[in-house]
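See structure below.
Nothing in this text is a laboratory measurement; each read-out follows from the coordinates by a stated rule. Keep in mind the model is a prediction, meaning the values are calculated, not measured. For neighbour counting, all protein chains shown are included, and Cβ atoms are generated from backbone atoms with ideal geometry for every residue, glycine included.
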Amino acid sequence: MPLQHFFVVYLVSLLLVLLPSIGLSKLFEKAGIESWKAYVPFYNTFLMQQIAGRPTHWVFWQFIPVIGWFITPGIFIEFSKVFGRFSLGEHCAAAIFAPFYFPWLSTQKDLKFIGKEAVLQHRKPSWREWFDAAVFAIVAATLIRTFVFEAYTIPSGSMEKSLLVNDFLFVSKMSYGPRIPNTPLAVPFVHNYLPFGSTKKSYTQIVSLPYIRWFASPVGRNDAVVFNFPAGDTVINLPEYQSKDPYYDVCRRLGNGNIDEGRKIVLSDPNSYPLAVHANDKTDNYIKRCVAVPGDVLSLQRGQLLIDGKQVVPPPDAQYTYSFRSTIPLDPEIMKEEFNTTEFGVDMSGRYVINLPYNKVAQFRQQKFLDGPLVPDDEPYEASAVNDMDPRTTSGDVYPYDTTFFKWTKDNYGPIWIPAKGATIPLTDSTYSLYERVIRVYEKNDFYKSNGQIILNGKPANSYTFKMNYYWMMGDNRHGSQDSRFWGFVPEDRIVGKAWLIWFSWENGPRWNRLFRKVK
């Protein structure tokens with residue numbers, strides 16, 4: 001954790017115990033304690049615990065980052081009880097509005113110090129016992145979810161066959177360091193929308209924090225990573241759109257490749273295209289594999305991934321698309337049992353098209369029913385396919401959507417350099433296309449072209465130095481994944497955590513062989 005983060009954390013802790021001191025000093029007098037002691041941070045809470053007859057070791061918990069912020073209100077509540085304050089409303093005021101509540105309490109004419117013995121004789125109604133237990137559980141679960149691990153469900157087949165639809169995962173927040181929420185004021189246990197199909201946001205940006213990550217560690221190459229979808233900052237707020245059909249893709253589609261023209265159509269028709277703009281930590285969660293880290297040069301040649309010019313061995317359970325001719329019809333049961341696939345069919349030419357896990361390819365090539373070679377998919381760039389909107393082709397539809405400089409497809413892509421914090425690049429027409437969104441959106445610069453010049457924060461610029469690290473994410477289902485090939489880089493501030501453990505899995509019943517399997 002950087003020193004400035006420690007400073008901010010403990011500054012907040014200090015303010016929590018100091019701001020109510022004016023009111024606490026008068027209450028200390030009524031309890032027989034010198035008033036000046038209310039102004040000594042943490043010594044004041046130590047005395048409050050003594051006065052209330054509560055464990056003094058709570059004070060030491062106050063020094064645990066963030067967790068201490070939740071201990072202090074508990075101490076305030078216990079202290080209010082020695083003045084006969086037991087109602088839910090007053091306890092909420094003591095916990096949430098302590099700087100105002102304690103000065104108000106000290107002026108009440110009926111105020112009496114009843115001591116810890118009287119507090120012990122007080123019995124809560126049963127509903128308060130349940131309420132207090134529920135609050136404690138929510139706070140504890142929120143802290144665990146934010147700083148330790150979070151549950152996540154695989155919603156789509158983009159990671160097949162490494163991770164399957166309806167695999168239930170634990171995602172480790174500690175692997176890369178816990179990230180402090182940008183939007184701390186949010187409904188607990190939900191992500192960006194309220195539950196039950198609502199399109200109402202579950203959070204408010206009245207309070208918004210900058211990117212802070214404690215004990216940060218870099219994402220490792222080949223890690224299965226959960227992250228906030230970078231291109232999901234703006235979505236069309238209808239079920240058929242959201243991140244499934246991203247706003248920027250819709251704009252390019254409506255504008256026949258011209259995103260600005262498509263954006264005009266969307267903005268002129270808010271009934272058909274209602275928009276929602278999300279905070280960085282509230283875009284939809286995605287899970288992909290990190291295939292390239294900062295400073296890497298990535299490319300794909302005929303579907304094969306290369307890093308710095310060297311071919312990368314794919315994850316064994318990842319899958320790719322192949323075609324072949326068969327002398328017999330394929331049996332779905334045999335295909336599932338022997339080759340772990342249910343995804344195959346016959347195209348118009350009579351060839352089978354199949355998704356095969358890489359670890360089954362060698363075995364499949366030996367089958368006697370093959371009538372010729374097993375051919376991996378390889379989509380070349382075709383200028384005629386750039387604007388035809390055919391979903392089977394990606395010429396022109398892959399990031400950065402600039403076919404002047406980058407004649408790429410999903411199978412033949414790059415080379416592309418992954419930005420690294422502190423690294424400097426020259427700014428040219430081609431690098432502008434590649435890194436414009438990174439520089440303008442993710443790193444929050446005023447960045448545009450004007451009269452043939454590249455303008456950075458109001459001044460002509462010929463170079464740029466990156467402020468963050470970036471990653472390149474791809475699905476293990478290489479032909480069934482909406483990944484970095486289609487929307488670009490993942491900034492470090494969007495990283496949520498590392499997929500750690502499959503704790504449950506379901507497909508028409510539990511998949512028992514996947515339970516408690518570590519994610520590789």
Which one of P332, L305, I354 is farthest out on the positive end of the charge dipole of the stretch 300-376, using unit charges on Cβ (Lys, Arg +1; Asp, Glu -1) and the Cα centre as origin? L305
For the pair W69 and L275, what calculated FRET efficiency results from E = 1/(1 + (r/R0)^6), where r is the Cβ-Cβ distance and R0 = 25 Å, to the nearest 0.05? 0.15
Sorting K161, K310 on the 10 Å Cβ count, fewest up front, what's the list? K310, K161
For a quick check: sort E150, E34 by the number of other beta carbons within 10 angstrom, fewest at the front. E34, E150
Eligible lysines near K112 by straight Cα distance, threshold 25 Å, same-chain separation 8 or greater: K26, K30, K37, K81, K124
Calculate the FRET efficiency for K336 and F516 from the Cβ-Cβ distance with a Förster distance of 30 Å, rounded to the nearest 0.05. 0.80
Can you show me the helix-derived [θ] at 222 nm for the chain, built from DSSP H runs with n ≥ 4 at -39,500 (n - 2.57) apiece and divided by the number of residues, rounded to the nearest 500. -8500 deg cm²/dmol
Just check the chain against the gyration tensor rule for me: Cα atoms, a ≥ b ≥ c as the square roots of the eigenvalues, rounded for a/c under 1.5, and otherwise prolate or oblate depending on whether a/b exceeds b/c. prolate
Put a dot 7 Å past each Cα toward the Cβ at S35 and N451; how far apart are the dots in nm? 6.8
Cα centre as origin, Lys/Arg/Asp/Glu Cβ charges: the chain dipole, Debye: 1760
By count of other Cβ within 10 Å, fewest leading, how are W69, W130, W472 ordered? W130, W69, W472
Calculate the dipole size of the stretch 300-376 relative to its Cα centre from +1 charges on Lys and Arg beta carbons and -1 charges on Asp and Glu beta carbons; express the result in debye to the nearest 20. 320
Residue separation times 0.36 nm, minus the C-alpha to C-alpha distance between C92 and I138: what's the value? 15.0 nm
Taking amide H atoms as placed 1.01 Å from N in the peptide plane, list the residues 5 or more away in sequence, or in a different chain, whose amide H sits under 5 Å from that of K467. G422
Cα axis of helix 43-52 to longest principal axis of the chain: angle in degrees, 0 to 90, nearest 10? 70
As I understand it, the dipole of the chain uses +1 on the Cβ of Lys and Arg and -1 on the Cβ of Asp and Glu, about the Cα centre. Which of I64, P316, S243 lies farthest toward its positive end? I64
Over the Cα atoms of the stretch 300-376, what radius of gyration and what Dmax do you get, in Å? 13.3, 42
Assuming 0.36 nm per residue, please report the length gained on full extension of the stretch E507 to L370 beyond their Cα-Cα distance. 46.3 nm
Students often get this wrong, so check it: of K244/K360; K410/K459; K336/K368; K407/K444; K244/K498, which have C-alpha atoms separated by over 25 Å? K244/K360; K410/K459; K407/K444
How charged is the neighbourhood of F79? Take every other residue with its Cβ under 11 Å from the Cβ of F79, and add Lys/Arg as +1 and Asp/Glu as -1. +3
Can you run phi through the Karplus equation (6.51, -1.76, 1.60; θ = phi - 60°) for the stretch 12-26 and list ³J(HN,Hα) in whole Hz, with x for Gly and Pro? 4, 4, 5, 5, 4, 8, 9, 4, x, 4, 4, x, 5, 4, 6
On the formula 1/(1 + (r/R0)^6), with r taken between the Cβ atoms of F168 and D388 and R0 of 41 Å, the FRET efficiency rounded to 0.05 is 0.55
Under the Karplus curve 6.51 cos²θ - 1.76 cosθ + 1.60, θ = phi - 60°, whole-Hz ³J(HN,Hα) for the stretch 316-332, x wherever Gly or Pro sits: x, 8, 5, 9, 9, 9, 10, 10, 6, 10, 10, 7, 9, x, 7, 8, x
Once Lys and Arg get +1 and Asp and Glu get -1 on their Cβ, which of P103, S13, G53 lies farthest toward the positive end of the dipole of the stretch 3-123? G53
Cα gyration tensor shape for the stretch 396-498, rounded if a/c is under 1.5, else prolate or oblate: oblate
Fully extended, how many nm does the chain gain between V207 and F113 (0.36 nm per residue separation, minus their Cα-Cα distance)? 30.1 nm
First select every other residue whose beta carbon is under 10 angstrom from the beta carbon of P315; then total the charges, Lys and Arg +1, Asp and Glu -1. +1
Need one number: nm distance between label points at A420 and H57, each 7 Å from Cα along Cα→Cβ, rounded to one decimal. 4.7
Here the stretch 370-386 yields Karplus 3J(HN,Hα) values (6.51, -1.76, 1.60; θ = phi - 60°; whole Hz; Gly and Pro given as x) of 5, 10, x, x, 8, 10, x, 4, 8, 8, x, 6, 10, 4, 6, 9, 4
If you average the C-alpha positions of the stretch 104-123 and of the stretch 267-310 separately, how far apart do those two centres end up, in angstrom? 58
